[in-house]
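Here is the structure we will look at.
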Amino acid sequence: MNVALWIIQIIVAALFLTSGSLKLVLPKDNLIKVFEWIEDFTEPKLRIIGAFEVLGGLGLFLPGVYSTLEILIPLAAIGLTIIMVLASFLHYRRDEKSNLIVNIVILLLLLLIAGGRLFFVR
């Protein structure tokens, strides 16, 4: 179970580190070409979302790598779950079904990480 959780954590962390980094670095005009929903947000809000995604992605694996404050792993997963719930509402409102499905899958993986680290594997 521990190995499976680590694999899921690394994959999800890579996803959020990549997505968050793009939102932190690229200008809004370039991001609109990749993410259609970007037009609903101002550039400062995109930077904040990107910062939370990067921090959450780091929180999914760094505490485990250094074996310190490992409670941060499920807390990071819960924080990213909140982001994914909000993203799901956004894509539902915009009638973007494919993005909604992706968000729900990531949301379920985050819940698996949080539950697995809180209740089963430490």
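The values are calculated or read from the model by the stated rules, or taken from the named source; none is laboratory data. If you're wondering where the values come from, they're calculated on a predicted model, not measured in any experiment. Cβ atoms come from the backbone with ideal geometry, glycine included; neighbour counts cover every protein chain shown. For the accessible areas, the whole protein counts, side chains as well, though only heavy atoms, and no ligand, DNA or RNA atoms are used. Shrake-Rupley method; radii C 1.70, N 1.55, O 1.52, S 1.80 Å.
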Taking the criterion of being modelled with pLDDT under 95 and either part of a helix (DSSP H, G or I) or of a type in the set (A, V, I, L, M, F, W, C) (or both), would at least one residue in the stretch 72-84 satisfy it?
no
Residue, modelled with the lowest pLDDT, within the stretch 1-40, restricted to residues that are open to solvent by 50 Å² or more (accessible area, probe 1.4 Å) and either acidic (Asp, Glu) or assigned to a loop (DSSP other than H, G, I, E, B) (or both):
1
Residues 71, 104, 113, 82: which one is open to solvent by less than 20 Å² (accessible area, probe 1.4 Å) and either under 10 Å from the mean Cα position of the chain (by Cα) or hydrophobic (A, V, I, L, M, F, W, C) (or both)?
113
Of (1) modelled with pLDDT of 95 or more; (2) surrounded by fewer than 18 Cβ atoms within 10 Å (Cβ to Cβ), residue 88 fails just (2)
Among the residues of the stretch 91-101, write down those that are part of a helix (DSSP H, G or I) and open to solvent by 20 Å² or more (accessible area, probe 1.4 Å).
92, 93, 97, 98, 99, 100, 101
Residue check, residue 80 against (1) among the hydrophobic types (A, V, I, L, M, F, W, C); (2) touching a residue at least 40 places away in the same chain (Cβ under 8 Å); (3) more than 30 Å from residue 121 (Cβ to Cβ), all met but one. Which one?
(3)
Just to be sure I understand, how many residues within the stretch 48-62 are open to solvent by 60 Å² or more (accessible area, probe 1.4 Å) and either of a type in the set (Asp, Glu) or over 12 Å from residue 79 (Cβ atoms) (or both)?
2
